[in-house]
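Take a look at the structure set out below.
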Amino acid sequence: MLPEIETLFSDECGGVAIRDEAIGILARLREAIRSVFADLETLICKNENSIGIVNGGGIHPITYYVMNYLGAACKSLMTLEQSLKAKSKEMYKDSTLGLVFLMNNYTYMVNCVKHSKLGELLGENWIKNHIVAKFRQCFKIYKANSWDQVFKGKLISEFVLKFVEICDVQSSWIIFDDHLRRKIRNNLKETLLARFKSVMEGSQEDINICGDFGFGVRDIVAGIDKMFKGRDELKNHR
């Protein structure tokens, strides 16, 4: 996580103070999590030795404790989601960038759950019905907020000017997960290429206007491919 923070809040962005604060919070959070789980494991081991036979084959006290603890941990995930939603509005004046922030964080959560014991604890249904569903909703809103003016444009000139404007803005935005970045780009290419061809066929402008703009299908693909920097791209940029 530290390389991502270093990259996001670089000197060029004027984010040194925010970067240092984020790194400090992350370090304290990591240490707190390690301490809590270490204490839990120690408590389980101690109770195994200190508590004798449970009368009548009942429930061991440590079972109550651990299950209550895990329930609290799951509740913390809900608190995290609420916090992320609030931060997406507090940190970004552009609500669409706030949606990209949420998509990045939801994807990170899913990847952590899938590649750890949390996946066994929370289950596949939690991933699909909870986080993934929220991610899809964010992407749907992002797409509408960002590209509605392009989709609604009936003139080639309108399409081109708005497309270039959006690509320029979002070329500095970040999608850290390589797989996610490819999926978003491919989805946008499919949608925008279809819309571009439709505008070309139905536009009342002279079809040669595309030549005047020096704009075509390849430019759409190239423009989308420049959107959403990844981890390696950010390092190279610095």
Failed item in (1) more than 22 Å from L40 (Cα to Cα); (2) part of a helix (DSSP H, G or I); (3) aromatic (F, W, Y), with Y69 passing the rest: (1)
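In the range 133-153, what residues are in contact with a Ser or Thr (Cβ under 7 Å, 6 or more places away or on another chain) and either outside any helix (DSSP H, G or I) or in contact (Cβ under 8 Å) with a residue 40 or more places away in the chain (or both)?
Here is the first cut: in the range 133-153, the residues in contact with a Ser or Thr (Cβ under 7 Å, 6 or more places away or on another chain) are 135, 142, 145-146.
Across the range 133-153, the qualifying residues are Y142, N145, S146.
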Residue pairs meeting the criteria (Cβ under 9 Å; at least 6 apart or on separate chains; first in contact (Cβ under 8 Å) with a residue 24 or more places away in the chain, in the range 55-74; second of a type outside the set (V, I, T)): V66/L40; V66/L43; Y69/L40; L70/L121; C74/L121; C74/L122; C74/W126
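Give the residues of the range 54-66 that are assigned to a helix (DSSP H, G or I) and either exposed (fewer than 14 other Cβ atoms within 10 Å of the Cβ) or on the phi > 0 side of the Ramachandran plot (or both), sorted by residue number.
Filtering the range 54-66 for residues assigned to a helix (DSSP H, G or I) gives 55-57, 61-66.
Hits for the range 54-66 are N55, G56, G57, P61, T63, Y64.
Within the range 74-120, how many residues are charged (D, E, K, R), over 24 Å from W147 (Cβ atoms) and surrounded by fewer than 11 Cβ atoms within 10 Å (Cβ to Cβ)?
Narrowing the range 74-120 to residues charged (D, E, K, R): 75, 81, 85, 87, 89-90, 93-94, 114, 117, 120.
Still in the running and over 24 Å from W147 (Cβ atoms): 75, 81, 87, 90, 114, 117, 120.
Restricting the remaining residues to those that are surrounded by fewer than 11 Cβ atoms within 10 Å (Cβ to Cβ) gives 75, 90, 117, 120.
Residues flagged as charged (D, E, K, R), over 24 Å from W147 (Cβ atoms) and surrounded by fewer than 11 Cβ atoms within 10 Å (Cβ to Cβ) within the range 74-120 amount to 4.
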Some residue of the range 154-164 being modelled with pLDDT of 90 or more and closer than 30 Å to L77 by Cβ: no
Condition met for N111 (assigned to a helix (DSSP H, G or I), within 16 Å of I175 (Cβ to Cβ) and touching a Ser or Thr at 6+ places or on another chain (Cβ under 9 Å)): no
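Looking only at the range 141-181, count every residue that is β-branched (V, I, T) and more than 22 Å from G98 (Cβ to Cβ) and tell me the total.
The first filter runs over the range 141-181 and keeps only residues β-branched (V, I, T), leaving 141, 150, 156, 160, 164, 166, 169, 174-175.
Adding the requirement that they be more than 22 Å from G98 (Cβ to Cβ) leaves 156, 160, 164.
Result for the range 141-181: 3.
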Long-range neighbours under 8 Å by Cβ, at least six apart or interchain, first residue more than 20 Å from E201 (Cβ to Cβ) within the range 213-238, second at pLDDT below 80 and of a type in the set (S, T, N, Q): R231/T7; L234/T7; K235/T7; R238/T7; R238/S10
Scan of the range 65-92 for residues that are aromatic (F, W, Y) and modelled with pLDDT of 85 or more, ordered by number: Y92
Residue list for the range 121-136, filter: closer than 25 Å to N187 by Cβ and surrounded by 13 or more Cβ atoms within 10 Å (Cβ to Cβ): W126, I127, H130, I131, V132, K134, F135
Matching residues in the range 154-206 - criterion: being in a loop (DSSP other than H, G, I, E, B), surrounded by fewer than 18 Cβ atoms within 10 Å (Cβ to Cβ) and among the polar types (S, T, N, Q): S171, S172, Q204
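The values are calculated or read from the model by the stated rules, or taken from the named source; none is laboratory data. Predicted, not measured: the structure shown is a model, and the values here were computed from it. Virtual Cβ from ideal backbone geometry, glycine too; neighbours counted across all protein chains shown.
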